[in-house]
Amino acid sequence: MQVHVARVGFVNVNSMGVVVDKNDPNISISAQLNTSSDHRLIVDQSIPNTLSRPTVKDYLIAEARDSYVLQYMDQNTIVTYLRNATGGFPG
């Protein structure tokens with residue numbers, strides 16, 4: 001069975017919802033101060049749907065499109081598993 005265990009964290013985003021990296025030397029102090037916090041998925045190279053640091057909602061939609069089903073979710077973790085064509089577990 002294929003299982004994705006994705007981590008969720010707080011990140012700073014600007015008014016357009018774009019993630020702002022606090023370590024980026026090109027971001028001004030003013031821009032840093034004008035951010036808000038948002039729950040986003042932490043990038044995990046083994047889970048393709050995390051690579052764009054999506055919101056929790058966008059991640060769950062992307063996983064569903066790929067036939068993954070939500071198994072567990074809390075403030076820090078989302079667990080999904082792959083369903084087969086008949087709706088059960090693969091293999």
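Here is a list: Lys57, Lys22. Which entry is surrounded by fewer than 10 Cβ atoms within 10 Å (Cβ to Cβ), within 21 Å of Thr77 (Cα to Cα) and out of contact with any Ser or Thr (no Cβ under 7 Å at 6 or more places or on another chain)?
On the way: Lys22 fails: within 21 Å of Thr77 (Cα to Cα).
That would be Lys57, the only listed residue that is surrounded by fewer than 10 Cβ atoms within 10 Å (Cβ to Cβ), within 21 Å of Thr77 (Cα to Cα) and out of contact with any Ser or Thr (no Cβ under 7 Å at 6 or more places or on another chain).
Quickly run through region 13-26 and pick out the residues that are under 22 Å from Ile47 (Cβ atoms) and touching a residue at least 12 places away in the same chain (Cβ under 8 Å).
Those that are under 22 Å from Ile47 (Cβ atoms) and touching a residue at least 12 places away in the same chain (Cβ under 8 Å): Val13, Gly17, Val19.
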One residue from Asn12, Asn84 being of a type in the set (S, T, N, Q), touching a Pro at 6+ places or on another chain (Cβ under 6 Å) and not in a helix (DSSP H, G or I): Asn84
Checked region 56-81 for anything of a type outside the set (Ser, Thr, Tyr), within 12 Å of Val3 (Cα to Cα), touching a residue at least 40 places away in the same chain (Cβ under 8 Å) and not in a helix (DSSP H, G or I); matches are Gln71, Ile78, Val79
Read through the list (1) under 15 Å from the mean Cα position of the chain (by Cα); (2) farther than 15 Å from Gln2 by Cα; (3) surrounded by fewer than 13 Cβ atoms within 10 Å (Cβ to Cβ), then give the number of the only condition that Ser46 fails. (2)
Any residue in region 27-55 that is assigned to a helix (DSSP H, G or I) sitting within a Cβ distance under 8 Å of a residue that is modelled with pLDDT under 90 and of a type in the set (Val, Ile, Thr)? List the pairs, counting only those 6 or more apart or interchain. Ala31/Val20; Gln32/Val20
Subset of region 69-82, residues modelled with pLDDT under 95 and surrounded by 15 or more Cβ atoms within 10 Å (Cβ to Cβ), comes to Tyr81, Leu82
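The values are calculated or read from the model by the stated rules, or taken from the named source; none is laboratory data. Because the structure is a prediction, the values reported are computed rather than measured. Note that each Cβ is placed from the backbone with ideal geometry, even for glycine, and that neighbours are counted across all protein chains shown.
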